[in-house]
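One structure is given here, and the rest of the page talks about it.
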Amino acid sequence: MEFQRSGVTSGTTVTFVIVDGWTTTVASVGDSRCILDARDGAVSVLTVDHRLEENSEERDRVAASGGQVGRLHIAEGIEFGPLRCWPGGLCLSRSIGDMDVGEFIVPIPHVKQVKLSNVGGRLIIASDGVWDALPSEMAAKYCRGLPAPLAAKEVVKQALRPKGLRDDTTCIVVDIIPPDHSAPLPAAPKKQNILKSLLCWKHSHNSINKLAKKLSAVSTVEELFEEGSAMLSERLGNDSSASKTTAGLFVCAICREDLAPSEGISVHAGSIFSTGSNPWQGPFLCANCVDKKDAMEGKRPSGVKVA
Ligand SMILES: [Zn+2]
């Protein structure tokens, strides 16, 4: 509330990472990408860029909620720059804090959870200025072999090279390493295949048993969970366990408050999500949380108005 009163209308992206043992969970809103460089050299992206230019699903969602998607008009018939959402002119489809844009810009995160193999890996989290200049694979490659703090500096340095633009070029590097620190840093940027790097590893550690363990663990980043929809009906699905208790009472799928069977409003009410083959119409929401659902999906008729 205090922040709202201060009248600051600009917003931000958020990339939130929890590392718990080998399990890494990333929740992100906007376009501050997080990539994973596994020890086998495979680079995967753990976030989704919520950019109208590159994300057709988000363009459809914004348009369906009443937003206008288009480029900046600089003169009659002349358009400029990336696709933006109007009113407001933001080129992101999701963010937090932007108070001068339409309600279809929502703060609902894309969430992904992966389990690393027991050799660990490296996370590179950076804001859009870095990713505008560097593809994910290049960012990973440039900083292999460097300890995390130097790696982050190197990624930013490489990103500044083409144009020298120091705009939104923040980078954090996190190494997830085994407790015994036995694994070497990811290999330096040489042309190495997996087997070769493992052989190098063997050479430096000279232990066949350990090598066998490493071999069995290679290239096994396991995907545990992914959900990016802004639509609550899709996030909750048709799962009857989500809001039905064993006693036959219902609880709101968001706030967990008890609901009489007649009070609950189906999360699928008014959506095209098919419930035809399933008589279960839930999960259900209380009236308060239906408002939250509308806001979450960008359909609240009037958001916070800024003078
Ligand atoms: Zn509720």
Checking A247 against (1) part of a helix (DSSP H, G or I); (2) at pLDDT below 65, the condition it does not meet: (1)
So how many residues does segment 38-82 have that are part of a strand (DSSP E or B) and hydroxyl-bearing (S, T, Y)? 1
Can you pull out every residue in segment 140-152 that is in contact (Cβ under 8 Å) with a residue 12 or more places away in the chain and either under 23 Å from the mean Cα position of the chain (by Cα) or closer than 15 Å to A126 by Cα (or both)? A140, K141, Y142, C143, A148, P149, A151, A152
Here is a list: T23, T47. Which entry is within 18 Å of D168 (Cβ to Cβ) and not small (G, A, S)? T47
Among (1) within 13 Å of the ligand (Cβ to nearest atom); (2) surrounded by 15 or more Cβ atoms within 10 Å (Cβ to Cβ); (3) modelled with pLDDT of 65 or more, the one test that C255 misses: (2)
Would you call S28 outside any loop (DSSP other than H, G, I, E, B), of a type in the set (G, A, S) and either modelled with pLDDT of 90 or more or in contact with a His (Cβ under 7 Å, 6 or more places away or on another chain) (or both)? yes
With respect to I272, determine if the residue is within 13 Å of the ligand (Cβ to nearest atom) and either in a loop (DSSP other than H, G, I, E, B) or modelled with pLDDT of 85 or more (or both). no
Kindly indicate the residue of segment 258-269 that is more than 10 Å from the ligand (Cβ to nearest atom) and among the small types (G, A, S) and also modelled with the highest pLDDT among those meeting that condition. S266
Against the condition among the β-branched types (V, I, T), surrounded by fewer than 23 Cβ atoms within 10 Å (Cβ to Cβ) and either in contact with a Gly (Cβ under 8 Å, 6 or more places away or on another chain) or within 16 Å of V106 (Cα to Cα) (or both), how does V19 come out, does it pass? no
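The values are calculated or read from the model by the stated rules, or taken from the named source; none is laboratory data. Just so we're clear, the structure is a prediction, and the values are computed from it rather than from any experiment. Ideal geometry is used to build each Cβ from the backbone, glycine not excepted, and the neighbour counts take in all protein chains shown.
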